[in-house]
Amino acid sequence: MANEKRGKGDNKLEINRKLGKIYKIGLALLLIGLLLTACSRNVNQPVTALKWDISDGELDPKVWGKYFPHQYTSYQKNLEVLDEDKANYGSSERSSHIASYPWKQNIWAGYGFSIDYNEDRGHVWSVIDLKNTQRVNDQTVGSCLTCKSPNVPILYEKLGDDYYATPLKEHLKDPNSMIPISCANCHDNKTMELKIVQPPLRDALKKLGKDPDKLSHQEKRTLVCAQCHVEYYFDKENKNRVTFPWTKGFEPADIEEYYDEIAFADWQHAKTGQGMLKTQHPEYEMYNDSAHFTAGVSCADCHMPYMKAGNEKYSSHWWTSPLKTAEQSCGTCHKDGPEARRERVKYIQDKVSEQLHKAGQLAEELILSIEAAQKIVGVDSDKLNEAKALSRRAVWYWDFVSAENSMGFHNPEKALHSLADSIDYSRQGIALVKEAVAQAGGSITIQPAKTEDANPTREITEKPDI
Ligand code: HEC
Ligand code: HEC
Ligand code: HEC
Ligand code: HEC
């Protein structure tokens, strides 16, 4: 989609040439494959031979699953919450981010994320995890349900924008809202075709001049995921409508510009008073303009590889680290074997992780320095205000990588560039604070947060009924 708006330089040609080679090899293999499996069903049209009768508004995956047992069995694997198979940084265990990376407690002071923030896990946990996070309370708006349940498009149809303004606790009284992410979030019940059902993505595509009902099949293999794996904000002037800030582009700088233009802040920082931005899982934005994206590879290519059950092929519906299925996820295009791919991913992620920690710790240092400097009598407030503005930027560029779930793998260049910007803003801000403190003849000491300071995560015993 962004292919149309971004420059296509020599790199693109080079990638196309290489991809051409990959496709030619792929095509040859496919032809051989088709000859060998001429009697089994075609991989690309596995559903056409079947009959199913799923009524409109049916959300229960058990009902859909009766007709599509392989997809359903793999979908049930999303219940897995142990990391026996832990590949690299990806994880399905509900570990606490604020304990593992204690600087997050100070970076988000005054905002819910500093109190409770856990590693994401399988799709089937979506509503239970939402219900149990200490970030929600009786005042929480309905907007929060938006990327958690297939009931959202139905509620939206009924309530319009009042869906967003209705309290979350009201929505959760409807048993259909307790159904976690499921078949109806991505498929049409009559045709089983992929479908964009989530209102915020439909709105965002229309704003970019795209008809959400006329997308190519390959585009949909990415955009069904972009229904939720994206940066968004609550439009406070429009009933907290969930809105994607995409009209200027998908770079962290484009989105920052968008927010600056509308003077938006997710919250006021408790230590500095600065209006801050919180990035939300921008997988799609990060992925945009990566080598894989530019080459036309979709989220589903890696995250939903074709699997075999007997001689039937189906798309895996276990959305997890593709490194657990590196053979099927990467092997269609990369012929160097699953071990080599895992090592390459680890190499990229280790580099990103090192810079990410550096950027996070520096952003904390900047915020704590501002807090301490504010207490000094006669300190230059213009300098401190400038440092506060830099803290908003440092946190935005750091969080763009921190809140994204691939530890930079989806687009190493964009991730490292964003972190370099964050580190630069923090260092500039820290220098300004030091100057102001020295001019006022004061001194400051700061105390970074520790793992032990983190508010404990709430135990969850409830299980989804899928
Ligand atoms: C070229 C393959 C590839 C593509 C395409 C791809 N991913 Fe990933 N994704 C990965 C890898 C590799 C990881 C890191 C897994 C790890 O660290 O174990 C990952 C991690 C993730 C995670 C975190 C997984 C976890 O265990 O916490 C999410 C969520 C995710 N991807 C979503 C997406 C979305 C959405 C898209 C499309 C916008 C996408 N991915 C496109 C390969 C891919
Ligand atoms: C997050 C989105 C998403 C959800 C949720 C989802 N699917 Fe899919 N499904 C896909 C994608 C992407 C494909 C690949 C489609 C393609 O390229 O033809 C697919 C393919 C299929 C196919 C076609 C055959 C195949 O395996 O490629 C069937 C049948 C199917 N899904 C059934 C289900 C059922 C049943 C559920 C619920 C238990 C479900 N899906 C939930 C995204 C989803
Ligand atoms: C309706 C919203 C929605 C859609 C559509 C969606 N996701 Fe997710 N995804 C989520 C949420 C919410 C979570 C976190 C659930 C939790 O932690 O309880 C998640 C988690 C994940 C994870 C992490 C799982 C783990 O075990 O750590 C992966 C990987 C993932 N999604 C990939 C995808 C891919 C690929 C697609 C498209 C084929 C997709 N998602 C479509 C909302 C969605
Ligand atoms: C549908 C084809 C396709 C799939 C599937 C795919 N890739 Fe790629 N990959 C490509 C293309 C095309 C490029 C860019 C080619 C180039 O620049 O040489 C690429 C480039 C890469 C690069 C960048 C080069 C480098 O080493 O820094 C890495 C890393 C990579 N892929 C890892 C993976 C992993 C890991 C998976 C599975 C999770 C995967 N790819 C799945 C097609 C694919």
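The values are calculated or read from the model by the stated rules, or taken from the named source; none is laboratory data. Since we're looking at a predicted model, the values are computed, not measured. Positions of Cβ are generated from backbone atoms using ideal geometry, with glycine treated the same way; all protein chains shown enter the neighbour counts.
Out of curiosity, is GLN361 in contact with a strand residue (DSSP E or B) (Cβ under 9 Å, 6 or more places away or on another chain) and either surrounded by fewer than 18 Cβ atoms within 10 Å (Cβ to Cβ) or modelled with pLDDT of 95 or more (or both)?
Values: in contact with a strand residue (DSSP E or B) (Cβ under 9 Å, 6 or more places away or on another chain): no; either surrounded by fewer than 18 Cβ atoms within 10 Å (Cβ to Cβ) or modelled with pLDDT of 95 or more (or both): yes.
Spelling it out, it is not the case that GLN361 is in contact with a strand residue (DSSP E or B) (Cβ under 9 Å, 6 or more places away or on another chain) and either surrounded by fewer than 18 Cβ atoms within 10 Å (Cβ to Cβ) or modelled with pLDDT of 95 or more (or both).
Somewhere in the range 191-200, is a residue away from ligand 2 (no atom under 14 Å from the Cβ) and at pLDDT 95 or above? Show your work before the answer.
Keep residues of the range 191-200 that are away from ligand 2 (no atom under 14 Å from the Cβ), which gives 199-200.
Narrowing further to those that are at pLDDT 95 or above: 199-200.
So far as the range 191-200 goes, yes, one or more of its residues are away from ligand 2 (no atom under 14 Å from the Cβ) and at pLDDT 95 or above.
Scanning the range 311-348 for residues that are surrounded by 19 or more Cβ atoms within 10 Å (Cβ to Cβ) and part of a loop (DSSP other than H, G, I, E, B) yields SER316, HIS317, TRP318, TRP319, THR320, SER321. Just one residue in the set VAL124, VAL136 is within 18 Å of ARG458 (Cβ to Cβ) and of a type in the set (A, V, I, L, M); that residue is VAL136.
Residues in the range 371-395 that are of a type in the set (Val, Ile, Thr) and out of contact with any helix residue (DSSP H, G or I) (no Cβ under 8 Å at 6 or more places or on another chain): 1 in all. Output the residue which, of all residues in the range 444-463 that are under 27 Å from TRP125 (Cβ atoms), among the β-branched types (Val, Ile, Thr) and touching a residue at least 24 places away in the same chain (Cβ under 8 Å), is surrounded by the fewest Cβ atoms within 10 Å (Cβ to Cβ). Filtering first and then ranking leaves THR451. The set of residues in the range 296-310 being surrounded by fewer than 19 Cβ atoms within 10 Å (Cβ to Cβ) and either within 12 Å of ligand 3 (Cβ to nearest atom) or over 21 Å from the mean Cα position of the chain (by Cα) (or both) consists of TYR306, MET307, LYS308, ALA309, GLY310.
The residues of the range 302-355 that are charged (D, E, K, R), within 16 Å of ligand 2 (Cβ to nearest atom) and either touching a residue at least 24 places away in the same chain (Cβ under 8 Å) or within 19 Å of GLN218 (Cα to Cα) (or both), listed by number, are GLU312, LYS313.
Condition first: within 8 Å of ligand 1 (Cβ to nearest atom) and among the charged types (D, E, K, R). Now tell me which residues in the range 280-328 satisfy that. Once the filter is applied, which keeps residues that are within 8 Å of ligand 1 (Cβ to nearest atom) and among the charged types (D, E, K, R), the range 280-328 yields GLU283, ASP301, LYS324.
Just one of the numbered conditions (1) within 16 Å of ligand 3 (Cβ to nearest atom); (2) touching a Pro at 6+ places or on another chain (Cβ under 8 Å); (3) of a type in the set (Ser, Thr, Tyr) is not true of TYR259: (1).
On inspection, HIS357 does not qualify as more than 13 Å from ligand 4 (Cβ to nearest atom) and either within 27 Å of ASN78 (Cβ to Cβ) or outside the structural domain of GLN439 (by TED's automatic domain parsing) (or both). The number of residues in the range 183-212 that are assigned to a loop (DSSP other than H, G, I, E, B) and either within 18 Å of the chain's Cα centre (by Cα) or under 16 Å from TYR156 (Cβ atoms) (or both) comes to 6.
Screening the range 213-224 for residues that are farther than 15 Å from GLU285 by Cβ and among the polar types (S, T, N, Q) and picking the one that is farthest from the chain's Cα centre (by Cα) gives SER216.
Restricting attention to the range 399-428, which residues are hydrophobic (A, V, I, L, M, F, W, C) and in contact with an Asp or Glu (Cβ under 9 Å, 6 or more places away or on another chain)? Reasoning before the result, please.
Kept after step one, since they are hydrophobic (A, V, I, L, M, F, W, C), are these residues of the range 399-428: 400-401, 403, 407, 409, 415-416, 419-420, 423.
Result: PHE400, ALA403, MET407, ALA415.
Inside the range 150-172, can you point out the residues that are more than 24 Å from LYS195 (Cβ to Cβ) and in contact with a strand residue (DSSP E or B) (Cβ under 8 Å, 6 or more places away or on another chain)? If the condition is that a residue be more than 24 Å from LYS195 (Cβ to Cβ) and in contact with a strand residue (DSSP E or B) (Cβ under 8 Å, 6 or more places away or on another chain), then ALA165, THR166, PRO167, LEU168 are the ones that fit. Can you go through LEU384, LEU366 and tell me which one is assigned to a helix (DSSP H, G or I) and surrounded by fewer than 24 Cβ atoms within 10 Å (Cβ to Cβ)? Going through LEU384, LEU366 in turn, the sole match is LEU384.
Looking at the range 311-324 only, could you name the residues that are within 18 Å of the chain's Cα centre (by Cα) and within 11 Å of ligand 4 (Cβ to nearest atom)?
If we filter the range 311-324 for residues that are within 18 Å of the chain's Cα centre (by Cα), which is where we start, we get 317-323.
Those that are within 18 Å of the chain's Cα centre (by Cα) and within 11 Å of ligand 4 (Cβ to nearest atom): SER321, PRO322, LEU323.
Of all residues in the range 398-430, those satisfying the criterion of being within 12 Å of ligand 1 (Cβ to nearest atom) and either part of a loop (DSSP other than H, G, I, E, B) or more than 21 Å from the chain's Cα centre (by Cα) (or both) are ALA403, GLU404, ASN405, SER406, MET407, GLY408, PHE409, HIS410, ASN411. Pairing residues of the range 204-228 that are within 18 Å of HIS292 (Cβ to Cβ) with residues that are of a type in the set (Val, Ile, Thr), at Cβ distances under 8 Å and at least 6 apart in sequence or on separate chains, gives LYS220/ILE196; LEU223/ILE196; VAL224/ILE196.
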